[in-house]
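Written below as structure tokens is the structure these notes are about.
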Amino acid sequence: MSCLWRTSDLAVLLIWGVFVAESRCMNGTQTAQNSSSPLPEANITVSVQMGTKAPLCCPHISLTKAVLITWEITTRDQPSCRISYRVETKETNETNCTDRRITWASTPDQSPDLQISAVALDHDGHYLCFIATPNGNFQKRHDLQVLVPPEVTLSPGKNRTAVCEATAGKPAAQISWTPDGDCKTKKESHSNGTVTVRSTCHWEQSNVSTMFCFVSHLTGNQTLSIELNQINILTSLIFCLKCKWTRPGASTVVEEDDMQPYASYTEKSNPLYDTVTKVEEACSMPQGEVNGTDWLALSATGI
């Protein structure tokens with residue numbers, strides 16, 4: 001149990017880091033030196049969930065000391081975009097910049113920072129801010145990683161198996177089970193950078209009834225459960241119902257007078273009569289119209 005708590009705490013810290021990136025600029029080490037020397041970079045990795053706002057910040061330099069502010073943006077499958085602002089003339093130039101979701105956080109004469117209004121998968125990439133001053137040059141680079149929460153499902157399989165799937169997450173989710181079983185996990189990568197993880201688990205022990213699937217992801221964790229015993233009861237019931245009315249050689253001719261006393265008794269005194277009636281009604285309905293409450297009532301009677 002202590003391991004589960006440690007995993008949960010780590011997930012909380014990771015999620016907190018993601019949303020901190022959304023609320024303010026990440027502070028990186030600023031570098032200033034003579035422009036004739038090689039200029040080291042302050043690199044920051046920022047993880048932001050898809051659909052949220054992402055601030056992109058320059059080094060903290062007073063604009064009264066700045067001469068030129070330049071942003072160079074390189075994203076996946078797009079030409080490099082260049083945005084520049086000359087402080088003295090208040091002139092702004094853009095080259096190959098077509099994404100209107102990337103804008104100045106306010107106005108360039110107030111702040112050199114950029115923002116992405118709604119982060120999408122194609123915003124994965126590098127964002128470099130360069131500030132030139134009379135006393136030296138400053139720069140900061142953001143490596144933006146877009147996080148996509150997976151769609152999680154848990155469904156029954158055959159012969160005491162269950163399938164837990166985390167679809168189209170970025171990065172790939174991690175799946176674990178309780179109790180442990182014979183599990184096989186497969187990953188499928190998609191062209192947009194997302195990954196689907198599918199874990200199929202089998203349990204031999206008949207005394208194991210409830211299974212839990214734990215899905216861990218940077219955007220949040222999910223836990224789903226399933227009852228294998230209920231699945232087996234319903235599966236057996238459906239199979240028996242199909243066989244009951246298709247069994248070859250079964251006699252369907254009954255004398256009405258011979259059945260009259262028994263029918264009267266079952267209708268009035270036998271509680272099993274209602275259950276049999278529901279079975280007959282359920283089987284006579286078209287597929288997909290069976291009332292879920294009736295099925296639960298049937299399984300409760302132990303049929």
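The residue that is nearest to Thr52 (Cα to Cα), counting only those in region 115-152 that are of a type in the set (S, T, N, Q) and open to solvent by less than 40 Å² (accessible area, probe 1.4 Å), is Gln139.
To keep it simple, each residue is scored yes or no on (1) open to solvent by less than 30 Å² (accessible area, probe 1.4 Å); (2) modelled with pLDDT under 95; (3) farther than 21 Å from Asn192 by Cβ; (4) over 36 Å from the mean Cα position of the chain (by Cα).
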position	(1), (2), (3), (4)
Ala42	yes, yes, yes, no
Val46	yes, yes, no, no
Gln49	no, no, no, no
Val67	no, no, yes, yes
Ile73	yes, no, no, no
Asp113	no, no, yes, no
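Each row is one residue, and each column tells you yes or no for (1) among the aliphatic types (A, V, I, L, M); (2) within 21 Å of Pro59 (Cβ to Cβ).
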| position | (1), (2) |
| --- | --- |
| Thr89 | no, no |
| Arg101 | no, no |
| Ala105 | yes, yes |
| Phe138 | no, yes |
| Lys170 | no, no |
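Of all residues in region 162-178, one or more are at pLDDT 95 or above, within 30 Å of Trp71 (Cα to Cα) and basic (Lys, Arg). Every condition in (1) part of a strand (DSSP E or B); (2) open to solvent by less than 60 Å² (accessible area, probe 1.4 Å) is met by Phe212 except one, and the failing one is (2). Selection over region 79-98 of residues that are open to solvent by 40 Å² or more (accessible area, probe 1.4 Å) and within 29 Å of Pro149 (Cβ to Cβ) gives a count of 1.
Tell me which residues, restricted to region 197-209, are open to solvent by 10 Å² or more (accessible area, probe 1.4 Å), within 30 Å of Gln49 (Cβ to Cβ) and either in a loop (DSSP other than H, G, I, E, B) or not polar (S, T, N, Q) (or both). Write out each step before concluding.
Taking region 197-209 and keeping what is open to solvent by 10 Å² or more (accessible area, probe 1.4 Å), we get 198, 200, 202, 204-209.
From the residues that got through so far, the ones that are within 30 Å of Gln49 (Cβ to Cβ) too are 198, 200.
If the condition is that a residue be open to solvent by 10 Å² or more (accessible area, probe 1.4 Å), within 30 Å of Gln49 (Cβ to Cβ) and either in a loop (DSSP other than H, G, I, E, B) or not polar (S, T, N, Q) (or both), then Arg198 is the only one that fits.
Within region 165-177, the presence of a residue that is in contact (Cβ under 8 Å) with a residue 40 or more places away in the chain, in contact with a helix residue (DSSP H, G or I) (Cβ under 6 Å, 6 or more places away or on another chain), more than 30 Å from Asp113 (Cα to Cα) and not acidic (Asp, Glu) is excluded. Where strands (runs of 3 or more DSSP E) fall wholly inside region 79-125, the ranges with 3 or more residues that are touching a residue at least 24 places away in the same chain (Cβ under 8 Å) are 114-116. So for region 159-170 (the condition being under 20 Å from the mean Cα position of the chain (by Cα), among the hydrophobic types (A, V, I, L, M, F, W, C), open to solvent by 40 Å² or more (accessible area, probe 1.4 Å) and within 23 Å of Ser47 (Cα to Cα)), does at least one residue qualify? There is no residue in region 159-170 that is under 20 Å from the mean Cα position of the chain (by Cα), among the hydrophobic types (A, V, I, L, M, F, W, C), open to solvent by 40 Å² or more (accessible area, probe 1.4 Å) and within 23 Å of Ser47 (Cα to Cα). Looking at the structure I just gave you, is Thr210 among the polar types (S, T, N, Q) and modelled with pLDDT of 95 or more? No, not satisfied.
In the condition set (1) loosely packed, with under 14 Cβ neighbours inside 10 Å; (2) of a type in the set (Ser, Thr, Tyr); (3) farther than 30 Å from Asp77 by Cα, Ser176 is compliant with all but (1).
The values are calculated or read from the model by the stated rules, or taken from the named source; none is laboratory data. Keep in mind it's a predicted model, so treat the numbers as computed, not measured. Note that each Cβ is placed from the backbone with ideal geometry, even for glycine, and that neighbours are counted across all protein chains shown. In case anyone asks, the SASA skips ligands and DNA or RNA and just uses the protein heavy atoms, side chains included. Shrake-Rupley method; radii C 1.70, N 1.55, O 1.52, S 1.80 Å.
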